[in-house]
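The values are calculated or read from the model by the stated rules, or taken from the named source; none is laboratory data. Here the structure is a predicted model, which means the values were calculated and not measured. Please note: Cβ atoms are built from the backbone with ideal geometry, for glycine as well, and neighbour counts cover all protein chains shown. These area figures cover heavy atoms from the full protein model, side chains too; ligands, DNA and RNA do not enter into them. Shrake-Rupley method; radii C 1.70, N 1.55, O 1.52, S 1.80 Å.
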Amino acid sequence: YYAADMGADIINLSWGFDLDSLDATGQAEVAIIRDAINHAVSQGVIVVASAGNDGADQVAFPARHGNALAITAADDGERVPDWASVGTEVSFVAPGVELIGAFPTDLNSYGTARWSGTSFSAPLTAGALAALYATDPWDIATHIVDALESSALDITPMNPGLGGKLGSGRIRPAMAFDEL
């Protein structure tokens, strides 16, 4: 609610959980999160969420929410790793395997480490959408998502039981600019 009310254009949710394991209190909390996502989308905000890292054939919540873009991970060979959650809810695939990032070595310094997970794929997608949006901030959010969708590379999951492509495919932000 706060982000949408403060004028956010894109919200990244790099977290998630399985809805099936929740008790009544957890279900009530999910209702609040659903309302917040719906509120943000009603304000024109694009909501991007991590699909999950448990290799499930359906994505975690909040990526499972119909108003969120569910993002799963792929490596540099366009392969979706076994640990990346997939399913019909997936909107896009983005890099998420062995990414180099900062790692604190003590209180005052940082080194680098390699990280993997859909929690890295989702913010990369949110950043791509932000770059597209920055080129024409008066454009509507759906046009920006459509540009990313039109330029995505169709990739096939390693699990043949999933069939077809993964959402719109792997994001290609540089090519999406041509779609605007």
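Within the stretch 114-122, can one find any residue that is under 28 Å from R34 (Cβ atoms), of a type in the set (A, V, I, L, M) and either touching a Cys at 6+ places or on another chain (Cβ under 6 Å) or open to solvent by less than 40 Å² (accessible area, probe 1.4 Å) (or both)? Among the residues of the stretch 114-122, at least one is under 28 Å from R34 (Cβ atoms), of a type in the set (A, V, I, L, M) and either touching a Cys at 6+ places or on another chain (Cβ under 6 Å) or open to solvent by less than 40 Å² (accessible area, probe 1.4 Å) (or both), which makes the answer yes. Could you list, in sequence order, all residues of the stretch 60-95 that are hydroxyl-bearing (S, T, Y) and more than 16 Å from G117 (Cβ to Cβ)? The answer is T88, S91. When each of I11, I100, I32 is tested for being surrounded by fewer than 13 Cβ atoms within 10 Å (Cβ to Cβ) and under 23 Å from R172 (Cβ atoms), the lone residue that passes is I100.
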